Amino acid sequence: ETSSRKSRESSKGGGSSAGDQRWKGNYSQTNNALETKADAWQNAELHKLNKRYENMKASIHEWEKEKKVRAKVKMERKKIENCFAESNDGLVEVQKELEKKIKRSHQVYQLKISRIDDIAGGARAQVDEKRRNEELKIKEKAKQIRATGVLSLYAVDGGGVEVQILEDFSKPGH
């Protein structure tokens, strides 16, 4: 009985036939091609994203550096102005007053540096958050390509009307 049941199951399609294997192989090849195209698209988009955000970070760094140099130059100029502005009324009083002014200009400088650091840090944090959000969007779109083989994009045409653009990644030559 057991041998006859096995032969009936294999004739019903319980086993794997050559047709099933060919279909699975063709599907996996198509799926692999979609995966490869989706991976290539994702990598290209992430590369563009990284390049754009590295440029943003570089501009923030340049701004920060420029502001700090300007603050330092201004502090040094104040020191020099204070040295020459004093008269020779009383040497001890002048020296104490000069030290006060120098100390005050240094405090102002430290406050400016602190404010510049806070502004630049906040800008960097915003850039990093935007980058993470855009990176997630790119990964979701790549997931959509892998699942459907089509990427749905929206663009605004010349008249200000939003138009849907479909990119079909499942077609050869794309």
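The values are calculated or read from the model by the stated rules, or taken from the named source; none is laboratory data. From a predicted model like this one, the values you see are computed outputs, not experimental measurements. Surface accessibility is based on the protein's heavy atoms, side chains included, excluding ligands, DNA and RNA. Shrake-Rupley method; radii C 1.70, N 1.55, O 1.52, S 1.80 Å.
Summary table
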item	result
Accessible area (Å², per residue) of the range 35-149, counting only protein heavy atoms and a probe of 1.4 Å	74 Å²
With every protein chain in place, the range 35-152: carbon and sulfur % of accessible area (1.4 Å)	53 percent
Radius of gyration, Dmax [the range 35-149; alpha carbons; angstrom]	25.5, 87
Eligible lysines near LYS103 by straight Cα distance, threshold 20 Å, same-chain separation 8 or greater	LYS68, LYS72, LYS74, LYS78, LYS79, LYS112
